[in-house]
Amino acid sequence: MLDEYVYHLGDIRSKLSSQMLMWVEPPKTSAILKELNKMLTIKKPLALYKDFYRYINASQMLVLPKKNMLEWDDVFPFLYLLAAFEGLDENRTVKHLVIDEMQDYSPVQYAALNMIYPCQKTILGDFGQVLNPCHLHTLDDLKALYEDAEYVTLNRSYRSTYEIMSYANAICQQPHLEMIERHGPVPQTVCCESDSAELEFLSQKICEFEAGSNASLGIVVKTNADAEKLFDVLSQSHNVNLLTADSTRFSSGVSVTSIQMAKGLEFDEVLVPGASKAKYDADFDCHLLYIACTRAMHKLTISYAGEPSRFLK
């Protein structure tokens, strides 16, 4: 990008040279750059980014955790602006870039990645497993960014049994999904009389798991805060692990975690507690329940207290 910037300054110098008298020396590119900088009312990229929010009357949306520090959601839009303002250095060392979980990247993130990494790319994902409700882009939007790309559909599910995938597909329709004929127990949907009764039920299921032959049990709840709260309770009477962003390894046994942290993981058996209307009622929540259910390879149990989520058929 820097070479291109210098090239454009050279164009300006050539233009000036053609318009000046033969005996007058045209200004050097450094002098041209200096004069151009004087014309800018905003000279810092971050200041320009802040001014953009002011321009769209949304200054309250830009929150800096610390001085000169951006929140993660602002990083790629800022890089996109920086590319136009100062340029971005291309990474020519990477010859092939693999992007996983493609559905969790926004179009502006892809635009910035394309500028930084001009190499060939392999992009993988499943738009049925979207985590961020603010990401409203679709597979068609992604195809529009890569018009010349070769598109391959991998629609056969191998992780979970036919019964588990049928249950998950009823929660969030995946019309192109092909389920392998590997059968197992039909998923259970259990109604508990109260929150305390549901905790007793979870304790019972942990004991059944410990007495069985499965190696891993995942208890998957909606948020990281829910996972910490449930872990604090269950760890008083059971040997359980808490999976968070700070976890350095995945252990067998019983693990309590959030849907966000569980994505990409698989367990022999999965419990999805708290699947009530109070917890899962927004339209986007069907994707979250789908992700939670498809973490199970062999056995799946969903429980709730009160009124069930409308996505539980």
Considering the zone a paramagnetic label at residue 151 would reach in this model (a point 7 Å from Cα along the Cα-to-Cβ line), which residues of the range 107-145 have amide N under 12 Å from it? 138-145
Report P(r) for the range 249-313: all Cα-Cα distances, bin width 5 Å, range 0 to the bin holding the largest distance, values in whole percent. 4, 17, 30, 25, 16, 7, 3, 0
If R0 = 45 Å, then residue 91 and residue 191, at their Cβ-Cβ distance, give a FRET efficiency to the nearest 0.05 of 0.25
In nm, the gap between the two label points placed 7 Å beyond Cα toward Cβ at residue 99 and residue 51 is 3.0 nm
Residue by residue through the range 33-39, which ³J(HN,Hα) values in whole Hz follow from phi under the Karplus form 6.51 cos²θ - 1.76 cosθ + 1.60 (θ = phi - 60°), with glycine and proline marked x? 4, 4, 5, 5, 4, 5, 7
Calculated [θ] (222 nm, deg cm²/dmol) that DSSP helices of n ≥ 4 give over the chain, each run adding -39,500 (n - 2.57): -12000 deg cm²/dmol
By how many nm would the segment from residue 307 to residue 200 grow when fully extended, if each residue of separation counts as 0.36 nm and the alpha-carbon distance is taken off? 36.7 nm
Considering just Cα atoms, how many Å³ per residue does the convex hull of the range 182-238 enclose? 120 Å³
Hey, what did the chain get for relative contact order, percent, Cα under 8 Å, at least 6 apart? 16 percent
Reported label for calculated semi-axes √(5λ) of the Cα gyration tensor in Å given (i) 53, 22, 17; (ii) 36, 25, 21; (iii) 25, 23, 20: (i)
Convert each backbone phi in the range 206-216 into a coupling constant with the Karplus relation 6.51 cos²θ - 1.76 cosθ + 1.60 (shift: θ = phi - 60°), then list the ³J(HN,Hα) values in order as whole Hz, x for Gly and Pro. 5, 4, 5, 5, 5, 8, x, 9, 5, 8, 9
So for the range 100-142, Kirkwood radius off the Cα pairs, Stokes-Einstein at 37 °C and 0.692 mPa s: how many µm² s⁻¹? 299 µm²/s
Pairwise label distance in nanometres, residue 12 with residue 40, each label 7 Å out on the Cα-Cβ vector: 1.1 nm
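Bear in mind that the values in this text are calculations on the coordinates, not laboratory data. All figures in this text were calculated on a predicted structure; none of them were measured in a lab. Cβ atoms come from the backbone with ideal geometry, glycine included; neighbour counts cover every protein chain shown.
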